[in-house]
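**Student:** Pasting in a structure now, in structure tokens, and then I'll have a few things to ask.
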4 protein chains.
Amino acid sequence: MVNVGIIGAGRIGKVHTQGIITGVRAAKIKTVADPFMNEETEAWLKSWDENIKVTKDYKEILADESIDAVIICSSTNTHSPISIEAIKAGKHVFCEKPIDHDVEKIKEVIEALKDSKVKYQVGFNRRFDHNFKAVRDAVAAGKIGQPHIIKITSRDPEPPNPAYVAVSGGMFLDMTIHDFDMVRFLAGCDAEEVYVQSAVLVDKGIGEAGDVDTAVITLKMENGAIAVIDNSRKAVYGYDQRAEVFGSGGMVATKNDSLSTAVISNENGVTGEKPLYFFLERYMDSFRDEMNQFISAIENDTDTPLGVIDGLKPVLMGLAAKKSVEEHRPVKISEILI
Amino acid sequence: MVNVGIIGAGRIGKVHTQGIITGVRAAKIKTVADPFMNEETEAWLKSWDENIKVTKDYKEILADESIDAVIICSSTNTHSPISIEAIKAGKHVFCEKPIDHDVEKIKEVIEALKDSKVKYQVGFNRRFDHNFKAVRDAVAAGKIGQPHIIKITSRDPEPPNPAYVAVSGGMFLDMTIHDFDMVRFLAGCDAEEVYVQSAVLVDKGIGEAGDVDTAVITLKMENGAIAVIDNSRKAVYGYDQRAEVFGSGGMVATKNDSLSTAVISNENGVTGEKPLYFFLERYMDSFRDEMNQFISAIENDTDTPLGVIDGLKPVLMGLAAKKSVEEHRPVKISEILI
Amino acid sequence: MVNVGIIGAGRIGKVHTQGIITGVRAAKIKTVADPFMNEETEAWLKSWDENIKVTKDYKEILADESIDAVIICSSTNTHSPISIEAIKAGKHVFCEKPIDHDVEKIKEVIEALKDSKVKYQVGFNRRFDHNFKAVRDAVAAGKIGQPHIIKITSRDPEPPNPAYVAVSGGMFLDMTIHDFDMVRFLAGCDAEEVYVQSAVLVDKGIGEAGDVDTAVITLKMENGAIAVIDNSRKAVYGYDQRAEVFGSGGMVATKNDSLSTAVISNENGVTGEKPLYFFLERYMDSFRDEMNQFISAIENDTDTPLGVIDGLKPVLMGLAAKKSVEEHRPVKISEILI
Amino acid sequence: MVNVGIIGAGRIGKVHTQGIITGVRAAKIKTVADPFMNEETEAWLKSWDENIKVTKDYKEILADESIDAVIICSSTNTHSPISIEAIKAGKHVFCEKPIDHDVEKIKEVIEALKDSKVKYQVGFNRRFDHNFKAVRDAVAAGKIGQPHIIKITSRDPEPPNPAYVAVSGGMFLDMTIHDFDMVRFLAGCDAEEVYVQSAVLVDKGIGEAGDVDTAVITLKMENGAIAVIDNSRKAVYGYDQRAEVFGSGGMVATKNDSLSTAVISNENGVTGEKPLYFFLERYMDSFRDEMNQFISAIENDTDTPLGVIDGLKPVLMGLAAKKSVEEHRPVKISEILI
């Protein structure tokens, strides 16, 4: 049994709490910390397990010798410093994405992990989604031959408000970062170069906040494949999350999930349900499964499926994408690291 | 080149005229006969081929020595006598379904064909439909193993008017007769017994005319498989024509055809097009293809794909179905022939 | 919080244990009883919650005043007597299907419930499946108008062994009973009459045990609709669980669920995943959801969604189906009750 | 009745001959010209209509006063000069795509059309395909709101041989040119800028011939939408021809057509048919329909659906795409015209 502390009890902290209690049988939540911990949150946590301790100070978790691992679900700017503190305290770390928007900060985490026996996993949960996993499995099993074209459609049902946009790091680091990870996962290699064609078509406020809301992003992969991501901040029919890999031996592609397979035929056509609304509906199982793999890596002393370098790479891709928009040209990923 | 005469220039006569001219390259229409031949029909025929001769008297076709084959598209009650006359005149015969509602009349056609070299084909066009053909091919190739359950859905978009119903022979001989043929085609054997559960749910006028408009028909097949047909005279979403064969090795099933594969996703769901509206839209190619096979059988002196016995069997099944409704019990097909 | 005791720790008892612990937040399992309780089962139960008590004697549960409700998961022949004991002990009862194969025994349960305030629910879990629920919701919302034809496909991936078959009550009471309930659920009314065409096509041993393994079952419903169920004990592609309701205003139909939506296109065709393997894979969520509704009925003092009469009706339909096979004729449900 | 002459009796000339004879009732083919006219081709033509005249010299067609219109199906380098001759001879012109690879040559055709009453249509047949037409209709009817992202997948089943590649003008002018036209059709506006990421992944010989065989092409459209085309010269599963338009109000998307809707479920999965093999299988109806529209424009003295400017624009896009590959940067379409 692995004892864990959860740092941050906001939306994603609650997702992991619920996921662990209902589906990660080898882990036990001992403490949840949040600077804004209140009665309501405490009651919610205790309703799941009355033995959970709560605190406003995450350092209590780091100081608790009975706790083996921490789940960092706090605000993005605290991910890298708390990661480093946790590593120094000898706790295994599951850190929500992104580790940081600043490459230097991520390098500090990499540095802290050197010569450490701590397990580190980054929260790119979509790799654990049943559909994306099936695509990756087909590619890895050689069922479509050598990959030539990788396509990801990733569209949110509702745009964030412009105030959030201003502090989010921009669409590429906030939203597309998942797709950048997915491209690496599906291709089985890194990207060399990125080109972005983007626009503000959904909400002018997003443009005024200095960001874009619609984009087609082309990537050249190290294995020669070409990848393309299309993003929109607003798909009125719901969360559109599809992938397609085309190769020398065929193609594998997914559709969206919906609440049921029921289809109604009438005078107006043949109508099925919309895609599941958003990430909580679509990806709940994947949050549980990534955590199971993290706990399993601790128990069996194996590598986590998504290490710190997997946390760094999508950030580099996101920064290259931003540069591509600013300079209106293809940008090599290697330009970012310098 | 096979010279043909068409007897009957109503809807189905026109369908075959157009099918032959645009798609049956080995056949040439010499004459079209119809007791109600008028200027409009003549003009329509000549617009396709100005050399087509027209007449009100089908006997001119039978007397024309240059004509090799006749296509009988006249009213149902004339199918068997004209078949017999044509056979005696040495013309190959393509006869629209059903040969007759009266088994004795069909037996007379069978008798006339004895010791004759005339080719005889019945117009169960659905066997030539791309979807049903694919199902049959899969079954015949053993792809689903030994058939266990055969399911046919056959629903019209609009009910006939009750006046037609009264003279049609009833739903089983008018509409289901195609499905009875399809069951034989897909199973690759005959039916032994039929049970019908039917109702008048679409149009009370149909009930007043002594017929039903909704039915589920269960058949025991000679190979041990169980078949089930569900019929409705009115599917508001269009012509519903599907088949499924389930067996020891798997299942083959079809969907409906539609005008395009376009699917619209919006707040209301994910909506594709309705099935093609009715038999002219769905089965046009099959009318051409059955005719190509008929002409090919003449040219190559081979058996037609659907001989006179194939015309008899569905009529027996339809009569057994009527008896099942009347007596509310399963009826053996062998009860009808006596 | 509702305290529950589980009687029977076999497969379905474990399903409910897991479902309650991970997804029924208003219920707490206090005790699990099984005459064959052993160390392995006890360890499994404690791994979920170390406070669960275990016993070999279900009477301990009935005697425990802190327990509000029992979940009866014991062998079928004990369902009705334990139900009656539990009712007398004032415990709310969730009873797995079927209550009994013997109508008289079910009547005794009905009698015991008279003047009792006990909640009673029968375990027809498929009503809580997302797909079947969506079909029922569409029908109930009038989206397909008045129902005319109801079709259920229900095929298992593997036949039971003939030894089980001999004691199971036969396919209609063991397997089809779920479909009989589903027909009532989808139609929103009872069946009047049943006709069965059945065969032994999967396993001769099943025939030797006096049962059938393949059937097409036609039902006349009280609202005039015709229903048809097709069953097979062996679908090599997995658990085939579909429903279709056709009516005056359209049709609603479901497809099977599969592990992912991934589709591979190659030289051999366009291939998606098989249906989920069997009921544990397909219906796990429905077991949890039926239990939530049971607990909710207790907490809010409302009717359970599936009362004792809903447990009786499918048994009557199953017995009528057996009689239809024996006498090879349509059988009225009302013939059974006499 | 419009009398036509066909110039060029190669593959596409034969496609148009067959399409006109079987499906363009207002047109009559008088003469077919081909410098390599031989007995076999003549016999094939006469088998369709024994009155068709054949010649090796297309000038006979231009000199025949009874001929109203010409269909130019000769080799690409003759399209523009024969177009100009035909225009001067007062013949309406249907010209296969592309008019020319050289913008100056197209300008000469544009010049020749000035002050002429001749109808001119370019052969971008895919606009007349049922699926693409349904997508355009949905966009034009506002069903998906304002277009934001336009996606076209266009993959051939087999690569051309490198010898052909060397004279074809390259993939962008030979194959993608159809997709460039489709982007304009679906967006309802012109492209402003193009960026190409391309590779040689299918056949090294294509690379040695100076061309690419795999590409992802991003376009900025005048209405603000972003378009993306993905091309491959070899999809092992057949001709992959899909479109998707995503907008403020929803999405419309198509699937491929196949020979039937039959799907086989067995131990290996749920398998449907591959897409139709290549353009003759997929687009035969569209070749007939574009011709009907051309003939109709002549008869009714209306604009053709695809004028000479529609022939020019995709060539400009193709040349910009080539420049984007050469200079590895986004290229404005306006850079090409200078």
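The values are calculated or read from the model by the stated rules, or taken from the named source; none is laboratory data. Small disclaimer: the values here were computed from a predicted structure and weren't measured. All Cβ positions, even for glycine, are placed from backbone atoms using ideal geometry, and neighbour counts span all protein chains on display.
**Student:** Give me the residue from segment C:111-129 that is within 15 Å of the chain's Cα centre (by Cα) and part of a helix (DSSP H, G or I) and, out of that set, farthest from C:E281 (Cα to Cα). Walk me through it before giving the result.
**Tutor:** Of segment C:111-129, the ones within 15 Å of the chain's Cα centre (by Cα) are C:120-129.
After this cut, where a residue has to be part of a helix (DSSP H, G or I) as well, the list is C:125-128.
Details: C:N125: 13, C:R126: 13, C:R127: 16, C:F128: 14 Å.
Selected residue: C:R127.
**Student:** So in segment C:258-285, with the set limited to residues that are closer than 23 Å to A:A138 by Cα and touching a helix residue (DSSP H, G or I) at 6+ places or on another chain (Cβ under 7 Å), which one is surrounded by the most Cβ atoms within 10 Å (Cβ to Cβ)?
**Tutor:** Checking each candidate, the answer is C:A262.
**Student:** Follow-up question, since we're still on this one. I'd like the full set of residues that are over 13 Å from the mean Cα position of the chain (by Cα) and farther than 22 Å from A:K28 by Cβ, limited to segment A:289-306.
**Tutor:** Correct list: A:D303 only.
**Student:** Here's something else I'd like to know. Go through (1) within 26 Å of C:E335 (Cα to Cα); (2) modelled with pLDDT under 95 and name the single condition C:A187 misses.
**Tutor:** Tallying (1) within 26 Å of C:E335 (Cα to Cα); (2) modelled with pLDDT under 95, C:A187 fails exactly one: (2).
**Student:** Search segment A:226-257 for residues being touching a Leu at 6+ places or on another chain (Cβ under 8 Å) and part of a loop (DSSP other than H, G, I, E, B), and hand back the single one that is surrounded by the most Cβ atoms within 10 Å (Cβ to Cβ).
**Tutor:** A:G238
**Student:** So A:I177 passes all but one of these: (1) among the β-branched types (V, I, T); (2) assigned to a strand (DSSP E or B); (3) touching a helix residue (DSSP H, G or I) at 6+ places or on another chain (Cβ under 6 Å). Which condition number does it fail?
**Tutor:** Of (1) among the β-branched types (V, I, T); (2) assigned to a strand (DSSP E or B); (3) touching a helix residue (DSSP H, G or I) at 6+ places or on another chain (Cβ under 6 Å), only one is false for A:I177: (2).
**Student:** Would you check if there is a residue in segment B:202-214 being at pLDDT 95 or above, in contact with a Pro (Cβ under 6 Å, 6 or more places away or on another chain), within 14 Å of chain A (Cβ to nearest Cβ) and assigned to a loop (DSSP other than H, G, I, E, B)?
**Tutor:** No, every residue in segment B:202-214 fails to be at pLDDT 95 or above, in contact with a Pro (Cβ under 6 Å, 6 or more places away or on another chain), within 14 Å of chain A (Cβ to nearest Cβ) and assigned to a loop (DSSP other than H, G, I, E, B).
**Student:** Scan segment A:215-225 residue by residue and report those that are assigned to a strand (DSSP E or B) and more than 7 Å from every other protein chain (Cβ to nearest Cβ).
**Tutor:** Within segment A:215-225, A:A215, A:I217, A:L219, A:M221 meet the criteria.
**Student:** Then there's this: Residues being in a helix (DSSP H, G or I) and under 20 Å from A:T218 (Cα atoms): count how many of those fall in segment D:140-174.
**Tutor:** Restricting attention to segment D:140-174, the residues satisfying the condition of being in a helix (DSSP H, G or I) are D:140, D:162-167, D:171-174.
This time we only want the ones that are under 20 Å from A:T218 (Cα atoms), so: D:171-172.
So the count comes out to 2.
**Student:** Checking A:S260 against (1) hydroxyl-bearing (S, T, Y); (2) within 9 Å of chain C (Cβ to nearest Cβ); (3) touching a Leu at 6+ places or on another chain (Cβ under 7 Å), which single condition isn't satisfied?
**Tutor:** Against the list (1) hydroxyl-bearing (S, T, Y); (2) within 9 Å of chain C (Cβ to nearest Cβ); (3) touching a Leu at 6+ places or on another chain (Cβ under 7 Å), A:S260 comes up short only on (3).
**Student:** Out of D:N51, D:N3, I need the residue that is outside any helix (DSSP H, G or I), over 27 Å from D:E281 (Cα atoms) and within 14 Å of chain B (Cβ to nearest Cβ). Which one? Quick ask: steps written out before the conclusion?
**Tutor:** Numbers: D:N3 fails: within 14 Å of chain B (Cβ to nearest Cβ).
Exactly one of D:N51, D:N3 is outside any helix (DSSP H, G or I), over 27 Å from D:E281 (Cα atoms) and within 14 Å of chain B (Cβ to nearest Cβ), namely D:N51.
**Student:** Which is in contact with a strand residue (DSSP E or B) (Cβ under 8 Å, 6 or more places away or on another chain), touching a residue at least 40 places away in the same chain (Cβ under 8 Å) and closer than 30 Å to B:I152 by Cα, of C:I149, C:I72, C:I99, C:I67?
**Tutor:** Only one candidate qualifies: C:I149.
**Student:** Right, another one. Does A:R282 count as basic (K, R), closer than 22 Å to A:T17 by Cα and at pLDDT 95 or above?
**Tutor:** yes
**Student:** If A:V202 satisfies all but one of (1) in contact with a strand residue (DSSP E or B) (Cβ under 6 Å, 6 or more places away or on another chain); (2) within 29 Å of B:V263 (Cα to Cα), what's the number of the condition it fails?
**Tutor:** (1)
**Student:** Looking only at segment C:325-333, decide whether some residue is surrounded by fewer than 20 Cβ atoms within 10 Å (Cβ to Cβ) and either assigned by TED's automatic domain parsing to the domain that holds C:D102 or of a type in the set (K, R) (or both).
**Tutor:** yes
**Student:** Keeping to segment B:143-174, report how many residues are more than 14 Å from chain C (Cβ to nearest Cβ) and surrounded by fewer than 24 Cβ atoms within 10 Å (Cβ to Cβ).
**Tutor:** Final tally of qualifying residues: 12.
**Student:** Does segment B:40-70 hold any residues that are surrounded by fewer than 16 Cβ atoms within 10 Å (Cβ to Cβ), over 25 Å from D:W48 (Cα atoms) and hydrophobic (A, V, I, L, M, F, W, C), and which are they?
**Tutor:** Selection gives B:A63 alone.
**Student:** Shifting gears a bit: Considering only segment D:223-234, I want to know if a residue exists there that is among the hydroxyl-bearing types (S, T, Y), at pLDDT 95 or above and touching a strand residue (DSSP E or B) at 6+ places or on another chain (Cβ under 6 Å).
**Tutor:** Checking segment D:223-234: at least one residue is among the hydroxyl-bearing types (S, T, Y), at pLDDT 95 or above and touching a strand residue (DSSP E or B) at 6+ places or on another chain (Cβ under 6 Å).
**Student:** OK, next. Among the residues of segment B:266-286, is any basic (K, R) and within 14 Å of chain D (Cβ to nearest Cβ)?
**Tutor:** Step one: of segment B:266-286, the residues basic (K, R) are B:274, B:282.
Add one more test, that the residue is within 14 Å of chain D (Cβ to nearest Cβ), and what stays is B:274, B:282.
Yes, segment B:266-286 contains a residue that is basic (K, R) and within 14 Å of chain D (Cβ to nearest Cβ).
**Student:** May I ask you to list the residues in segment A:179-202 that are surrounded by fewer than 23 Cβ atoms within 10 Å (Cβ to Cβ) and either free of Cβ contacts under 8 Å to residues at least 24 places away in the same chain or under 19 Å from A:N77 (Cα atoms) (or both)?
**Tutor:** The answer is A:A199, A:V200.
**Student:** Give B:K313, B:K274 a once-over and let me know the one that is more than 30 Å from B:K105 (Cβ to Cβ) and basic (K, R).
**Tutor:** Working: B:K313 fails: more than 30 Å from B:K105 (Cβ to Cβ).
Checking each option against the conditions leaves just B:K274.
**Student:** Same structure again: If D:V135 passes every condition in (1) crowded, with 24+ Cβ neighbours inside 10 Å; (2) more than 14 Å from chain B (Cβ to nearest Cβ) but one, which one does it miss?
**Tutor:** (2)
**Student:** Can you go through D:S248, D:S198 and tell me which one is among the hydroxyl-bearing types (S, T, Y) and touching a helix residue (DSSP H, G or I) at 6+ places or on another chain (Cβ under 6 Å)?
**Tutor:** Going through D:S248, D:S198 in turn, the sole match is D:S198.
**Student:** Another question, then. Being at pLDDT 95 or above, out of contact with any Gly (no Cβ under 7 Å at 6 or more places or on another chain) and closer than 15 Å to B:V183 by Cα narrows it down to one residue among B:E267, B:E244; which is it?
**Tutor:** Unique residue meeting the criteria: B:E244.
**Student:** Moving on. Being over 17 Å from the mean Cα position of the chain (by Cα), on the phi < 0 side of the Ramachandran plot and not in a helix (DSSP H, G or I) is the filter here, so list the residues in segment D:71-101 that pass it.
**Tutor:** Across segment D:71-101, the qualifying residues are D:A89, D:K91, D:H92.
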